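Novice: Pasting a structure here, questions to come.
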Amino acid sequence: MLALALLLPACASGDGVPAARGHATTSTTSTVPQPTTTTAPARATTPACPTIPARATPDPARPKYTLRADVHPSDGSVDGQLRVIFTPDVDTDRLVFRLWPNGPPAGPVPPELTTGQVTISGRPVSSTAEDPTTLVVRSGATFRAGQAVDVAMPWRLTVPGKANDRISRNGDSMRLGSFFPILSWEPGVGWATESAVGGFAESSTAPTADFDLTVVVPEGFGVLASGTPDPARGGHFTATAMRDVGVSVGRFDTVSAVAMAPQPVQVTVGIQRGTVDNDGLNAYLDTVVGSLEDFGRRFGAYAWTTFTLAITPELGGGIEYPGHVMQGQNTIGVTSHEVGHQWFYGLVGNDQGRDPWLDEGVTSWAEARFEGRLERFKARVIPPAVKNKVGEPMSFWADRRQNYSDGVYIQGAQALAALGDPTLVDCALRVYVALNAYRIARQPDLVAAASAVFPNAAATLTAYGVKA
């Protein structure tokens, strides 16, 4: 679910191979409270920016997590407790939690995530690891649409050492991304069951949720994480309407500022003490503030009140989570790209196994205009094997990893540029964000938003391989 920039300046590279998707049985009588919907502008007859719809609101029945992580940097262990209140919007016979650390390893010794006894409303229930990353929970009855389920379990994560990835331990620093059991529900569809893969990303799908997150660390350590920190309770964070959370632990030197995106956003950038970075903390801070403010104007307001960036060793690019980004040293060239993911993945979600271009290609457009790279991206020659294949799933890209950055990141920006006036492309993306905020979008949703601005949007985008 992550983007790690490696192959091109400010371009990420990720891999995920989706397996057959698991779907819940559709219910005809859901009592789940529905989020506020918006009305899409009419299809354009001439290129023009319509009135931007009011932004969609989060589903009031979204999952509610209470998550505790006791982190022990000395041996790389994390002891955790998880409770989640989950309300399906269609009937299902099981609950599916993804255990992403158990996927193919990025380092010489892989991390391991294990779980203990699962309970529902305090009663023990059956759980089965159908594969290393998929924990299936059954109660012997159907989980009915509109009926809340109270699930809890202990868990333990072991992080043996350093890795160029989202889970790593290097000296006193730890990166904890996709580190706990997480529900893989796609509202209205069912369970997403993509296979975990090697490389620097996976095909995670997670609904917008609320997190009450407590991270316990030894004295002298700091925590940078998704969500709003509680000044009265060190290590406690409240993450509202986020689809996941990321955590960085270390001994940080930090700088802070306020971005107007357009509402005030408290920005904190931290670097692991003793880490040498030739770009300097203030340069990262300026880039974060500048890109938050730019994207807030172009795509609509940043969705939360805080943003943190942690720079820790042994990471060759950037990894995004809502409200929190992890980067390695001397990676300022990817910062605006990772900030762009706050809109395209964080706010407007997607199944990254099915539709990787919806976050990586669109975010590359955001980055390209901010950094002045658009003409260079447009001039890039796409290899014939992947030309006009931008909308393909990760099962296609798994065997074409050497062309993934060109085929998805660069070609995604090219497809949007082909629509026409860049300011109108930004308008189309603002419509897309407004209509699909807090949801898991699909490629036709982006085509529909673009068609409200450009009459020939569908033909233009499908010529690049977008699925309309």
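Laboratory data are not the source of any read-out in this text; all were calculated from the coordinates shown. Treat the numbers as computed from the prediction; the structure is a model and nothing was measured. Every residue, glycine among them, receives a Cβ derived from its backbone with ideal geometry; neighbour counts consider all protein chains shown.
Novice: If you build the Cα gyration tensor of the stretch 282-425 and take the root of 5 times each eigenvalue, what three semi-axes come out, in whole angstrom, biggest first? Could you put the intermediate results ahead of the total?
Specialist: Values: eigenvalues 114, 63, 43 Å².
Rounded to whole Å, the semi-axes are 24, 18, 15.
Novice: From the helices alone, meaning DSSP H stretches of at least four residues, give me the mean residue ellipticity at 222 nm for the chain, per-run term -39500 (n - 2.57), in deg cm²/dmol to the nearest 500.
Specialist: For the chain, the value works out to -5500 deg cm²/dmol.
Novice: Order by neighbour count: 399, 79, fewest other Cβ atoms within 10 Å first, most last.
Specialist: Numbers: 399 10, 79 14.
The fewest-first ordering by Cβ neighbours comes to 399, 79.
Novice: If you place +1 on the Cβ of every Lys and Arg, -1 on the Cβ of every Asp and Glu, and leave all else neutral, what size is the dipole of the chain about its Cα centre, to the nearest 20 Debye?
Specialist: On the way: 37 positive and 44 negative charges, 150 e Å.
Taking the Cα centre of the chain as origin, the dipole is about 720 debye.
Novice: Arrange 130, 194, 219, 314 by Cβ neighbour counts within 10 Å, fewest through most, would you? List each step's numbers first, then the result.
Specialist: On the way: 130 12, 194 28, 219 4, 314 18.
If I rank by nearby Cβ atoms, fewest first, I get 219, 130, 314, 194.
Novice: For the stretch 110-120, in order, what is each residue's ³J(HN,Hα) by Karplus, 6.51 cos²θ - 1.76 cosθ + 1.60 with θ = phi - 60°, in whole Hz (x at glycine and Pro)?
Specialist: Calculated HN-Hα couplings, in order: x, x, 9, 10, 10, 10, x, 4, 8, 10, 10 Hz.
Novice: Using the eigenvalues of the Cα gyration tensor, what equivalent ellipsoid semi-axes result for the stretch 56-95 when each is taken as the square root of five times the eigenvalue, whole Å, largest first?
Specialist: Working: eigenvalues 188, 39, 11 Å².
Here the semi-axes work out to 31, 14, 7 Å.
Novice: Given a cut-off of 22 Å, what percent of all Cα-Cα pairs of the stretch 345-442 lie beyond it? Show your work: numbers first, answer last.
Specialist: On the way: 1272 of 4753 pairs.
That fraction is 27 percent.
Novice: Residue 321's amide H: which non-local residues (gap 5+, or another chain) put their own amide H closer than 5 Å, with H modeled 1.01 Å from N in plane and none for Pro or chain starts?
Specialist: Residues meeting the criterion, in which the H sits 1.01 Å from N, are 326.
Novice: Got a sec? Charge dipole of the stretch 164-237, +1 on Cβ for Lys and Arg, -1 for Asp and Glu; which of 192, 220, 182 is way out at the positive end?
Specialist: 220
Novice: Of 49, 427, how do they rank once you tally other Cβ atoms within 10 Å and put the fewest first?
Specialist: Listing 49, 427 from fewest to most nearby Cβ atoms yields 49, 427.
Novice: In the neighborhood of residue 320, defined by Cβ-to-Cβ distances under 11 Å, what is the net charge if each Lys or Arg adds +1 and each Asp or Glu adds -1? Let's see the in-between values first.
Specialist: Values: positive: 166; negative: 244, 338, 359, 360.
Result for the neighbourhood of residue 320: -3.
Novice: To continue, here is another question. Given the chain, what count of lysine pairs have C-alpha atoms under 17 Å apart, with each pair 8 or more places apart or on different chains?
Specialist: Within the chain, the lysine pair count is 4.
Novice: Where the eigenvalues come from the Cα gyration tensor of the stretch 69-192, what are the semi-axes √(5λ) of the equivalent ellipsoid, largest first, in whole Å?
Specialist: On the way: eigenvalues 173, 42, 27 Å².
So the three semi-axes of the stretch 69-192 are 29, 15, 12 Å.
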